[in-house]
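One structure is given here, and the rest of the page talks about it.
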Ligand SMILES: Cc1ncc(C[n+]2csc(CCOP(=O)(O)OP(=O)(O)O)c2C)c(N)n1
Ligand SMILES: Cc1ncc(C[n+]2csc(CCOP(=O)(O)OP(=O)(O)O)c2C)c(N)n1
Ligand SMILES: [Mg+2]
Ligand SMILES: [Mg+2]
């Protein structure tokens, strides 16, 4: 197996799906010759031509609205929004149409599209390039919201997203794009959407995170282990529709939980996780569930973003608090 | 005091603020001669002329983007988005700019605007006219999200919103527009933003709701009272920034809570309320907090909306469940 | 030449063939087969009568709010008649007649305006999108469909309808620009009915025409008399043929008028004068076309009466079928259907909870 | 006349006064006071040298990603020089030189590209918006400002800058349409530098010019040689005067070129040829204008050298001030400032929690 960065793994997923299925069309700003500003689509226009890898005018609503039409026709558009901070331009196309076409036509017309967008902080980027607002899409019925946490699951989830019969918002952490390499098999690999994974077992505490937050969360679990605390770590992978079975099951064993995300705290994804745990495992709860999150402010310009983004220490500290409680 | 519908009370608030302050400008689709499709701005163009009540071209982004410029200049634009289901067209203007201009310029330029929009179901409207997606704005740092529940607080909150130095999203329940009348004083009345209110006292159970859900919630409290259960009922009024002091205090007395909203359940406002209560009053909790909400689907066309929107029975039933637990 | 004039586009033309005095321009008269002419007449009448009947039903509380189309029949039908069945229609919310032409059933329209999700089902094989309520948003879907058709080397054409108000939306702009950049086979048909609810065209745009907006995208634009079904047909046929031949998109502005209220919830006397409406009532496309057909001998008083009778019967049958169907519809659990190909577990649990509630209510009703 | 040509707009012109061969059209030569000519030259040079210095700093890791402006100095300054101090500038993210002209400090630019929120503070009384990163989004703010100025009967004019790519966004469309409908005093200055990152103009629009998009809004549009500071100035002055006199908005397309990478994170060799860039390097606006000034006796070799020296010293002083300031900035708690006029209680609690954390870390560092 080749060791790949997340960028390479995503590129592999796209390449293989495009080889397999001529319904798969990439479109977006600079996805062609430029290969995308993060190079996720690098080399694909050379292999597949400009009818499969389509540079668009600079218009996010246009990209998403056109993708909807393409998907209804029977294609499988995978569009890129250059940064998730610019995906609000197309909010109405997603909410009004992508999320509803199957429902509106009672199954007759469907929108099997994927919207890929880099999200999150940590790469010293300019304003609007570091947000983490997956809760917007998670709260939108009819959309699926997926966030991988490493090269291997990124590849497998992207393949599943492309094959999914419904619209999928696929957020890719810029901080993870080139952060580390993993073995990624050349052979096809998929991961079912809607299924969180236990990535570390433990019985003292459940740590629940996703995307870029998996690394500090795992690190925190290691630090806690040094203190004799065995944390179970769960990677949501799919934020919405959220399947809480695994989370609730974990909590019935640990009684304590910390939820971690970069997104602002209030009305963020963590609130839903907390609510599900409360509803599903109330009588097992031994301490208030902690949320370690971004603050309820705009993520600051990069000189201060480190202090905004949840750190290993904050997660460890929250873990300790729940254990003291 | 005159008895007024919510439409009349909102109209009064606008008229009086416009009389008092020539910075207040209304703009939107059909707000002029037509007086707004729900008549909230009725008669105002006659009194103030078309420089104070401005019909716009059909473009929500334009309305909000222009309002931002007007507010930066020093005016107090109150724009109307005809239905909240069409406020996603302007999502980026709110998130990228209205919510950030003060922060971006470190206090130098500000955006004291109000965006009014009717929300919610119950009036046999067409698709996109019945959604309740306040969580989108509540999760957006830099915006305030306000929802009144009756004529009198609608008037007082709208006045406060107009005078607020920051952007306020103001959702008005269509179902409440003409549902009932209340005494509304001619003299100025304001209500502070960011402060929930106890509207019924009780010590067995806390019912937390807002907007159109206040009426079934109060009704449910009465039904429970017939069973000997005294429910405390809290009206959030401001969804975000959410001040949980009163909620937590209530829960320390009741130990049980039901949160009610029309919005889809998952990642909805109720999740944040549940999380705050868990964080603030964990050791007082005697039962899982219940959420009575819209389902995680698009609100159906109106023949079925009644079953979608939380009913008195569902709230009562949830109350009973928490008491059994 | 330092201050040099640029040739930016062919100029914009206005097309009128059968004017409001009934004057026919024989040179421009399109060659439409008799059968098609009669079909056009029949659908114009069907659109009119169905609209009138819906207004009655709405006033009686038998359907909900709906947007009447009266006066726009020619403007819709002249265009849609140029499509093949395999072409795509992308309507806004006021193209009822065009949708009927494409095969949408009357009862589906009635179900829709009665709040049944079953009213937006598209029949299998039919290449139509459902109505789009968010103004202008559908324009981009047309471009995506057209791009896809071109990619698949199908010679399908996509026709997208929208109003004058829609031209102000960003989606309109992005849609026309994408279509021009990709030379997508789309015909953009603007139903310029002069009003967007209470906002007149003069507050919608500072331009004298909407057709000239085509110049911003580098595509042909033309203004036609929208109450002249021959002119609409001629312009649309030209545009459809160009699109099919690979010549890219066209913007057609049909100048017509919304004779009725915006929707049945609207009160136009608040914002426009009866004189203006009267002026346009006199330009009614229906008698204009009827007289033309009679003048050319395609229609007689008797055959016109027969069409009228048939249309009224068809409308009545549609209303009857709708009421029959509604009697059997309405299971609230249906609302959970088709959000996703597969209902996620948490939503499935919500559905089951509602099912239990409904069953309990039912029991209560039976026993209570 | 049933197929009748419509007069839709005056035609679109292209303006060039001092061409790339240094040829001057004396008839069109604008009457610019000597002092202003020299100020323009000085800022063109300042823009150039500061840009070069920032590139160095970026390569040394002393600032983050930034978008160079090289080649666009004339295109920005010719326009901005027409504004009064009380007028408003609404920039995008690539008008550094225009912002400097308006009085933005060099250090504020450096702070910004070093990730300090302090870098977007606008000096008191200054009528400028901060940079807008979301492409095209600022165009609408310009219209709002202009509407407000008109409402207040101030004769202020608003100048909004944006790129060729921005013309594809819905916000551009809605902005220009609103401006035209309200006859708002805005001058829309499109910096057509031929590229939107890797997308060439020909994939952005099917039109030969961007200026012609004005026709869609019923406003005057003009194309100018953006590397000819005299032409830019002349066109902008005309537009500013018209706006100030109540004549409404204008769209000016400045044809220029992005000689450098899109931002320092970009690698243009992936998508464009060195020959194309070379061609534009030869059209450099700076020597063209310098030669003009020398020819008319406004500049000599010596005075040019003095300007060069002064500009370099100014750049160095700006860098020094920025580095001094940064040494004292960076308190993370600052991130909670100015989100709202008053920090809400829950957010205040978050701020306090962070303060405690930072204090604890500090203690650890000191004792650990
Ligand atoms: C995005 C959006 N904004 C507002 C509305 C409310 N609305 C429905 S129709 C309409 C006017 C549409 O005018 P026009 O495009 O001219 O079409 P017409 O109604 O005249 O057929 C408005 C404002 C909407 N449906 N969608
Ligand atoms: C809404 C939005 N989409 C995408 C981006 C990413 N982006 C930044 S600059 C740019 C290209 C802009 O091109 P143009 O408008 O021509 O301006 P230029 O960079 O050439 O000055 C893109 C795509 C953005 N900042 N905002
Ligand atoms: Mg109209
Ligand atoms: Mg450019």
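Taking only pairs six or more apart or across chains, which ones have beta-carbon atoms under 7 Å, a first residue in segment A:82-106 that is within 16 Å of ligand 1 (Cβ to nearest atom), and a second residue that is modelled with pLDDT under 95 and assigned to a helix (DSSP H, G or I)?
Once the first residue is within 16 Å of ligand 1 (Cβ to nearest atom) and sits in segment A:82-106, its partners that are modelled with pLDDT under 95 and assigned to a helix (DSSP H, G or I) give A:104/C:120.
So which of C:305, C:295, C:243, C:313 ends up being crowded, with 21+ Cβ neighbours inside 10 Å and more than 16 Å from ligand 3 (Cβ to nearest atom)?
On the way: C:305 fails: crowded, with 21+ Cβ neighbours inside 10 Å; C:295 fails: crowded, with 21+ Cβ neighbours inside 10 Å; C:313 fails: crowded, with 21+ Cβ neighbours inside 10 Å.
Just a single option satisfies the conditions, and that option is C:243.
Checking the structure you have, find out if any residue of segment B:213-234 is on the phi > 0 side of the Ramachandran plot, away from chain D (no Cβ under 14 Å) and in contact (Cβ under 8 Å) with a residue 24 or more places away in the chain. Full working, then the answer.
In the first step, residues of segment B:213-234 are kept if they are on the phi > 0 side of the Ramachandran plot; the result is B:228.
If we keep only those that are away from chain D (no Cβ under 14 Å) as well, we get B:228.
Now drop any that are not in contact (Cβ under 8 Å) with a residue 24 or more places away in the chain, which leaves none.
Taking every residue of segment B:213-234 in turn, none turns out to be on the phi > 0 side of the Ramachandran plot, away from chain D (no Cβ under 14 Å) and in contact (Cβ under 8 Å) with a residue 24 or more places away in the chain.
Looking at D:111, D:140, D:106, D:100, which is the one that is surrounded by 24 or more Cβ atoms within 10 Å (Cβ to Cβ), away from ligand 4 (no atom under 16 Å from the Cβ), more than 14 Å from chain C (Cβ to nearest Cβ) and at negative phi? Write out each step before concluding.
Working: D:140 fails: more than 14 Å from chain C (Cβ to nearest Cβ); D:106 fails: surrounded by 24 or more Cβ atoms within 10 Å (Cβ to Cβ); D:100 fails: surrounded by 24 or more Cβ atoms within 10 Å (Cβ to Cβ).
Going through D:111, D:140, D:106, D:100 in turn, just one is surrounded by 24 or more Cβ atoms within 10 Å (Cβ to Cβ), away from ligand 4 (no atom under 16 Å from the Cβ), more than 14 Å from chain C (Cβ to nearest Cβ) and at negative phi: D:111.
Can residue D:151 be described as touching a helix residue (DSSP H, G or I) at 6+ places or on another chain (Cβ under 9 Å), at the interface with another protein chain (Cβ under 10 Å from one of its Cβ atoms) and without any contact (Cβ under 8 Å) to a residue 12 or more places away in the chain?
Considered against the rule, which asks whether it is touching a helix residue (DSSP H, G or I) at 6+ places or on another chain (Cβ under 9 Å), at the interface with another protein chain (Cβ under 10 Å from one of its Cβ atoms) and without any contact (Cβ under 8 Å) to a residue 12 or more places away in the chain, residue D:151 comes out as yes.
Return the residues of segment C:113-137 that are under 27 Å from residue C:175 (Cα atoms) and either within 16 Å of ligand 1 (Cβ to nearest atom) or not assigned by TED's automatic domain parsing to the domain that holds residue C:165 (or both); say none if nothing qualifies.
C:120, C:129, C:130, C:131, C:132, C:133, C:134, C:135, C:136, C:137, listed by residue number.
Does any residue of segment D:39-52 turn out to be within 16 Å of ligand 2 (Cβ to nearest atom), under 26 Å from residue D:325 (Cβ atoms) and at the interface with another protein chain (Cβ under 10 Å from one of its Cβ atoms)? Talk me through it step by step, then tell me what you get.
Looking only at segment D:39-52, we keep the residues that are within 16 Å of ligand 2 (Cβ to nearest atom), and these are D:47, D:51.
Checking which are under 26 Å from residue D:325 (Cβ atoms) leaves us with D:47, D:51.
Still in the running and at the interface with another protein chain (Cβ under 10 Å from one of its Cβ atoms): none.
Scanning segment D:39-52 turns up no residue that is within 16 Å of ligand 2 (Cβ to nearest atom), under 26 Å from residue D:325 (Cβ atoms) and at the interface with another protein chain (Cβ under 10 Å from one of its Cβ atoms).
If you scan segment A:288-305, which residues turn out to be closer than 25 Å to residue A:245 by Cβ and facing another protein chain (nearest Cβ under 7 Å)? First the steps, then the outcome.
In the first step, residues of segment A:288-305 are kept if they are closer than 25 Å to residue A:245 by Cβ; the result is A:288-293.
Those that are closer than 25 Å to residue A:245 by Cβ and facing another protein chain (nearest Cβ under 7 Å): A:288, A:289, A:291.
Hey, any hits in segment D:171-182 for a residue that's under 17 Å from residue B:62 (Cβ atoms), within 15 Å of the chain's Cα centre (by Cα) and within 13 Å of ligand 2 (Cβ to nearest atom)? Reasoning before the result, please.
Of the residues in segment D:171-182, the ones under 17 Å from residue B:62 (Cβ atoms) are D:171-182.
So of that shortlist, the ones also within 15 Å of the chain's Cα centre (by Cα) come out as none.
Within segment D:171-182, none of the residues are under 17 Å from residue B:62 (Cβ atoms), within 15 Å of the chain's Cα centre (by Cα) and within 13 Å of ligand 2 (Cβ to nearest atom).
Would you mind telling me which numbered condition in (1) more than 10 Å from every other protein chain (Cβ to nearest Cβ); (2) in contact with a helix residue (DSSP H, G or I) (Cβ under 8 Å, 6 or more places away or on another chain); (3) in a helix (DSSP H, G or I) residue D:278 fails?
(2)
Can you tell me which residues in segment D:281-306 are assigned to a loop (DSSP other than H, G, I, E, B) and without any contact (Cβ under 8 Å) to a residue 40 or more places away in the chain?
We begin by selecting, within segment D:281-306, every residue assigned to a loop (DSSP other than H, G, I, E, B); these are D:282-284, D:296-300.
Scanning segment D:281-306 gives D:296, D:297, D:300.
Conditions tested, residue by residue: (1) within 15 Å of ligand 4 (Cβ to nearest atom); (2) in a helix (DSSP H, G or I); (3) closer than 18 Å to residue D:204 by Cα.
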| residue | (1), (2), (3) |
| --- | --- |
| D:156 | no, no, no |
| D:179 | no, yes, no |
| D:183 | no, no, no |
| D:190 | yes, no, yes |
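When residues of segment C:168-193 are filtered for being near ligand 1 (Cβ under 8 Å from one of its atoms) and more than 23 Å from residue A:88 (Cβ to Cβ), how many remain?
Of the residues in segment C:168-193, 3 are near ligand 1 (Cβ under 8 Å from one of its atoms) and more than 23 Å from residue A:88 (Cβ to Cβ).
Would you check which residues across segment D:248-263 are in a loop (DSSP other than H, G, I, E, B) and more than 16 Å from ligand 4 (Cβ to nearest atom) and list them? I'd like the intermediate steps shown before the answer.
Looking only at segment D:248-263, we keep the residues that are in a loop (DSSP other than H, G, I, E, B), and these are D:248-249, D:256-263.
Selection gives D:248, D:249.
From the set of residues in segment D:207-240 that are within 9 Å of chain C (Cβ to nearest Cβ) and out of contact with any helix residue (DSSP H, G or I) (no Cβ under 9 Å at 6 or more places or on another chain), which is surrounded by the most Cβ atoms within 10 Å (Cβ to Cβ)?
D:211
Name, by its number, the condition in (1) in a strand (DSSP E or B); (2) under 24 Å from the mean Cα position of the chain (by Cα) that does not hold for residue C:5.
The number of the failed condition is (2).
Can you find a residue that is more than 23 Å from residue A:265 (Cα to Cα), part of a helix (DSSP H, G or I) and more than 8 Å from every other protein chain (Cβ to nearest Cβ) anywhere in segment D:336-349?
Of the residues in segment D:336-349, the ones more than 23 Å from residue A:265 (Cα to Cα) are none.
No, segment D:336-349 has no match at all.
The values are calculated or read from the model by the stated rules, or taken from the named source; none is laboratory data. Just so you know, these numbers come straight off a predicted model, no measurement behind them. When we count neighbours, we look across all protein chains shown, and the Cβ atoms used for this are built from the backbone with ideal geometry, even at glycine.
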